[in-house]
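Just so you know, all these numbers are worked out from the coordinates, no wet-lab data involved. A quick note: this is a predicted structure, and the numbers were derived from the prediction, not measured. Please note: Cβ atoms are built from the backbone with ideal geometry, for glycine as well, and neighbour counts cover all protein chains shown.
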Amino acid sequence: MLNSEKTANEFYQSLGKLFYAVAMADDEVRPAEVTRLRKYVRKYWLDVDGFEDEFHTDAAYQIEIVFDWLDDEEKGADHYFEEFKEFYTEHADKFTDKLKALILETAESIASSFAGTNRAEMLAIFKLKQLFNH
């Protein structure tokens, strides 16, 4: 999938931005959304590849680290979606159908984790599907 440690770290960081954008689509990140993200990272994302970060931990943990860091920032969901979109556009060839499906599944699970998926979250997922189908 990814051909270097640097690209792998950037990939997982961009996923942290995307998943934060989905959770923040309605202007609030709820504890249930954070819990769902952590569950998905541990259950699915740690097995995607063997890349590690500079601290010798699975690079997939970058998803959680970036997500948590963004929660203290002031930018909105659209900004972080656009950052993910830029990464995706530059590296679209590295996103297999299986990987896209896992990304969508994770995003949909985060969105539905608190009282179902609301309109803003549905729109974020729709934009993601459009990006993947382009």
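General remarks:
- The chain: angle of helix 97-112 to the longest principal axis, Cα-based, in degrees nearest 10: 30 degrees
- Each residue of the range 85-91 was assigned a 3J(HN,Hα) from its phi angle through the Karplus expression (A = 6.51, B = -1.76, C = 1.60, θ = phi - 60°), giving 4, 4, 4, 4, 4, 6, 10 Hz with x at Gly and Pro.
- Full-extension gain in nm, D78 to N118, via 0.36 nm per residue minus C-alpha separation: 12.8 nm
- Degrees between helix 119-133 axis and first principal axis of the chain (Cα, 0 to 90, nearest 10): 40 degrees
- Among the trypsin sites (Lys or Arg not before Pro) within the range 64-103, not one is in coil by DSSP while having at most 11 neighbouring Cβ atoms inside 10 Å.
- Relative intensity of the range 63-134 on a log10 scale, I(q)/I(0) at q = 0.13, 0.27 Å⁻¹, equals -0.41, -1.49, per a Debye sum over C-alpha point scatterers of equal strength in the absence of solvent.
- Ordered by the number of other Cβ atoms lying within 10 Å of each residue's own Cβ, fewest first, S109, S14 fall into the sequence S109, S14.
- Loop-resident sites, the range 77-106, for chymotrypsin sites (Phe, Trp or Tyr not before Pro), counting at most 16 other Cβ within 10 Å (DSSP): F95
- Phi-derived couplings, Karplus 6.51 cos²θ - 1.76 cosθ + 1.60 at θ = phi - 60°, listed residue by residue for the range 15-28: 5, x, 5, 4, 5, 5, 4, 5, 5, 8, 3, 9, 6, 8 Hz, with x used for Gly and Pro.
- Paired Rg and Dmax values of the chain, which use every Cα atom, in angstrom: 13.6, 39
- Each of W45, W69 was scored by other Cβ atoms within 10 Å of its Cβ. Arranged with the fewest first, they read W69, W45.
- Each residue of the range 36-44 was assigned a 3J(HN,Hα) from its phi angle through the Karplus curve 6.51 cos²θ - 1.76 cosθ + 1.60 (θ = phi - 60°); the sequence is 5, 4, 4, 4, 5, 4, 6, 7, 10 Hz, with glycine and proline shown as x.
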